[in-house]
Amino acid sequence: MTTNYPVVFEQEESGAISGYVPGLPLYVAADTRAQAERAMRGLLEAYFAEHGGRAPRATTRIKVARVEQGDTTRVVLVGTGALLGQRRSAAKAAAARANGAKGGRPRIATAAGARRTTRQRRSASNRTRRS
């Protein structure tokens, strides 16, 4: 199982780089960002090895403050996905185009061999639930 933990690195006034993991008792400090990242990887590996390889559930949620300044200042909290936008691999985009050229999703064959549309399947499903 994969669990993602946010790691925050900050440059201190002294020039040192510090890093921590919200929700875990982990903190590192180093002279460079690369050293801080190496130290954090090592610390995380040691922490999880000490705890039997079981990772505690990640409970931290990250939002980014998007500040728009004009006549007034507007602050909007957005998720990190909003910053990255929607991305597709070239293979997925090509498959979606090819599927669209074929008329969309393939219809599911029924036992009698007739094909039903998604709307027909949903309608039949709703009738079954109401009964």
> Does Tyr27 qualify as being out of contact with any strand residue (DSSP E or B) (no Cβ under 6 Å at 6 or more places or on another chain), free of Cβ contacts under 8 Å to residues at least 24 places away in the same chain and not polar (S, T, N, Q)?
Replying inline: no
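If I ask for residues that are in contact with a strand residue (DSSP E or B) (Cβ under 9 Å, 6 or more places away or on another chain) and either more than 15 Å from Val7 (Cα to Cα) or hydrophobic (A, V, I, L, M, F, W, C) (or both), which ones from region 35-68 would you list?
Hits for region 35-68 are Ala36, Ala39, Met40, Leu43, Ile62, Val64, Ala65, Arg66, Val67, Glu68.
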> For Arg74, all conditions in the list (1) of a type outside the set (S, T, N, Q); (2) surrounded by 11 or more Cβ atoms within 10 Å (Cβ to Cβ); (3) not in a loop (DSSP other than H, G, I, E, B) hold save one; what is the number of the exception?
Replying inline: (2)
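No value in this document is a laboratory result; all are computed from the given coordinates. All values derive from a computational prediction rather than experimental measurement. Using ideal geometry, Cβ is built from the backbone for each residue, glycine included, and neighbour counts are taken over all protein chains shown.
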